[in-house]
């Protein structure tokens, strides 16, 4: 049975632990909290913690390191990120050697995205590892998280201010967390913080450019895209131009996905993108959220949207919204 964040934290309070964890995440805040909980528990027990990102380190190097006992670090925790880039046989390789792994060796596999329960590795791992799934909460489930984060940072926001903060953060927990940090720098912990106070310390009415919008689309920030579409149209932005910019963003991300699937390093992929290295990290970050099938479907949808915006006599904003809703379900 898979665990959510709170269930994982409770599980970690009572050893022994499973030698292998598989964490699938869609929400960066929950992911950060899960890793923090694991690292705190193992650090307290004097474990040496090694974090590696597959792509920066090769699997063979990590495999050798994990399977080799260390004289001066007998208790070890390995956190392997970007595991979605590996094939099932590589992922299974370490787990099948559980019986001969050095004593007190634990491995955490981290996958960006949702667990695909049809895939071979998931079927293999569900009975041999501790599964942890961290999906992004739906907007109507965000309020308890805002309250939880306020308590953790000793901030006293009114209920109205909490709701406003969630809305202005596009119901994304990581954005709410960042905004609460800004608030904590400006207000004393004892002060009750109102919606008016939020207006004074956060730029809640910031302008969004079509380039910000395209970047958000590439990061699958669907609520942001839906909520800011009306603002862009009111500011006089052309939805035809917006669709074109979004299509370009998706095509560049597709090149990153193809490069990652072909095991190319970032420098090699960048040489094929035709963009400034300054923006490269944004595209690589977006590529972690997509597979080739889904991004092809979205590119096809936006090509159709472009044609409709230029030829169909229907409200253009409604056409754009319909396409957004359609692709957000992929």
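The values are calculated or read from the model by the stated rules, or taken from the named source; none is laboratory data. Please read all numbers here as calculations on a predicted model, not as lab measurements. All Cβ positions, even for glycine, are placed from backbone atoms using ideal geometry, and neighbour counts span all protein chains on display.
State which residue is nearest to residue 164 (Cα to Cα) when the search covers only the stretch 187-212 and only residues that are modelled with pLDDT of 80 or more and assigned to a helix (DSSP H, G or I). Among residues in the stretch 187-212 that are modelled with pLDDT of 80 or more and assigned to a helix (DSSP H, G or I), the one nearest to residue 164 (Cα to Cα) is 195.
Return a yes/no flag: does the stretch 306-314 have any residue that is surrounded by 13 or more Cβ atoms within 10 Å (Cβ to Cβ) and touching a residue at least 40 places away in the same chain (Cβ under 8 Å). Checked against the condition, which is being surrounded by 13 or more Cβ atoms within 10 Å (Cβ to Cβ) and touching a residue at least 40 places away in the same chain (Cβ under 8 Å), the stretch 306-314 yields at least one hit.
Kindly indicate which of 17, 24, 106 is in contact (Cβ under 8 Å) with a residue 60 or more places away in the chain, assigned to a strand (DSSP E or B) and over 27 Å from residue 287 (Cα atoms).
Numbers: 17 fails: assigned to a strand (DSSP E or B); 24 fails: over 27 Å from residue 287 (Cα atoms).
So the residue among 17, 24, 106 that is in contact (Cβ under 8 Å) with a residue 60 or more places away in the chain, assigned to a strand (DSSP E or B) and over 27 Å from residue 287 (Cα atoms) is 106.
Restricting attention to the stretch 38-59 and to residues that are part of a helix (DSSP H, G or I) and either surrounded by 17 or more Cβ atoms within 10 Å (Cβ to Cβ) or more than 23 Å from the chain's Cα centre (by Cα) (or both), the residue that is modelled with the lowest pLDDT turns out to be 59. Scanning the stretch 168-186 for residues being free of Cβ contacts under 8 Å to residues at least 60 places away in the same chain and either in a helix (DSSP H, G or I) or in the same structural domain as residue 28 (by TED's automatic domain parsing) (or both) gives a total of 11. The residue that is modelled with the highest pLDDT, counting only those in the stretch 235-265 that are surrounded by fewer than 16 Cβ atoms within 10 Å (Cβ to Cβ) and more than 21 Å from residue 208 (Cα to Cα), is 251.
Residues checked against (1) touching a helix residue (DSSP H, G or I) at 6+ places or on another chain (Cβ under 6 Å); (2) surrounded by 15 or more Cβ atoms within 10 Å (Cβ to Cβ):
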| site | (1), (2) |
| --- | --- |
| 115 | yes, yes |
| 125 | no, yes |
| 133 | no, yes |
| 144 | no, no |
| 152 | no, no |
| 175 | no, yes |
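If we keep just the residues of the stretch 147-164 that are part of a helix (DSSP H, G or I) and closer than 16 Å to residue 29 by Cα, which is nearest to the chain's Cα centre (by Cα)?
For the stretch 147-164, the residue satisfying everything is 149.
In the stretch 79-90, of all residues being in contact with a strand residue (DSSP E or B) (Cβ under 7 Å, 6 or more places away or on another chain) and assigned to a helix (DSSP H, G or I), the one that is surrounded by the fewest Cβ atoms within 10 Å (Cβ to Cβ) corresponds to 85.
Suppose the filter is within 29 Å of residue 328 (Cα to Cα), assigned to a strand (DSSP E or B) and within 22 Å of the chain's Cα centre (by Cα); does residue 133 pass it? Spell out the reasoning first.
Working: within 29 Å of residue 328 (Cα to Cα): yes; assigned to a strand (DSSP E or B): yes; within 22 Å of the chain's Cα centre (by Cα): yes.
Here the answer is yes, as residue 133 does meet what is asked.
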